[in-house]
Amino acid sequence: MKIKTAEFVVSNSKVDQCPNSSLPEYAFIGRSNVGKSSLINMITGRKSLAKTSAKPGKTQLINHFLINNNWHLVDLPGYGYAQVSKSTKRVFQKFITAYFEKRKQMICAFVLIDSRHKPQPIDMEFMQWLGENAVPFCIIFTKADKLKPKVLEENIENYKNEMLETWEEMPQYFITSATTKLGQDDVLDYIEEVNEQLRKS
């Protein structure tokens, strides 16, 4: 898939104010320092579609972007480690949960995981919640360029082993780098493939 157009649509904290559209949505979410904005900009080929910041936790709303006039990319607030108050975190949690529970157009959540770290409880718990609530998701391992290939392979293997203790199979996953554009085509081709299946059905 080639990204011809990518435009901001709306930001809000209420699911019922999300675009009244039947277009498929793909949500991007992860811990607040996982490199989400950089990844979204890399995938869409736009330098500043999603706002990047040195301070984690910049995204504090549900942000909709219209891609190629036929699907929405949704940038969700990061969970955990954001430098925000507990009450703000509760508000985030509430509307993130509401988004996944109510938004019928949401086809797949891309859960971003920092490939440099061993499995983090907060990521595992979040994916467990998605699984228990029948929310379809894929994993995107970020910052792959920061590791030697062998270490990257070992880290992903650790994730697989940990997930397979409770999951029947490893969810579909992608290895990416916002710096080298690794994984850009893989993620876009996956979205195109799913959109194609939706059109046929």
Answer residue from segment 125-137, given it is open to solvent by less than 50 Å² (accessible area, probe 1.4 Å) and of a type outside the set (A, V, I, L, M) and is nearest to residue 173 (Cα to Cα) among those | 137
Which residues, counting only those in segment 1-48, are open to solvent by 40 Å² or more (accessible area, probe 1.4 Å), outside any loop (DSSP other than H, G, I, E, B) and farther than 23 Å from residue 174 by Cα?
-> 7, 8, 9, 10, 11, 16, 17
From 140, 107, 122, 113, grab the single residue that is open to solvent by 40 Å² or more (accessible area, probe 1.4 Å), of a type outside the set (Gly, Ala, Ser), touching a residue at least 60 places away in the same chain (Cβ under 8 Å) and in a strand (DSSP E or B).
-> 107
Which condition number in (1) of a type outside the set (Val, Ile, Thr); (2) modelled with pLDDT of 95 or more; (3) at negative phi is the one that residue 143 fails?
-> (3)
Would you check if there is a residue in segment 147-161 being open to solvent by 60 Å² or more (accessible area, probe 1.4 Å) and either hydroxyl-bearing (Ser, Thr, Tyr) or part of a strand (DSSP E or B) (or both)?
-> no
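Taking residue 84, is it assigned to a loop (DSSP other than H, G, I, E, B), surrounded by 13 or more Cβ atoms within 10 Å (Cβ to Cβ) and modelled with pLDDT under 90?
Values: assigned to a loop (DSSP other than H, G, I, E, B): yes; surrounded by 13 or more Cβ atoms within 10 Å (Cβ to Cβ): yes; modelled with pLDDT under 90: yes.
Answer is yes for this residue.
State whether the residues of segment 164-172 include one that is in a helix (DSSP H, G or I), over 24 Å from residue 37 (Cα atoms) and open to solvent by less than 70 Å² (accessible area, probe 1.4 Å). Break it down stepwise before answering.
The initial filter retains those residues of segment 164-172 that are in a helix (DSSP H, G or I), namely none.
So far as segment 164-172 goes, no, none of its residues is in a helix (DSSP H, G or I), over 24 Å from residue 37 (Cα atoms) and open to solvent by less than 70 Å² (accessible area, probe 1.4 Å).
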When only residues in segment 173-187 that are assigned to a helix (DSSP H, G or I) and under 16 Å from residue 112 (Cβ atoms) count, which is most open to solvent (accessible area, probe 1.4 Å)?
-> 186
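The values are calculated or read from the model by the stated rules, or taken from the named source; none is laboratory data. Treat the numbers as computed from the prediction; the structure is a model and nothing was measured. Counting neighbours? That spans all protein chains shown, and the Cβs are built from the backbone with ideal geometry, glycine included. These accessible areas exclude ligands, DNA and RNA; they are computed on the full protein's heavy atoms, side chains included. Shrake-Rupley method; radii C 1.70, N 1.55, O 1.52, S 1.80 Å.
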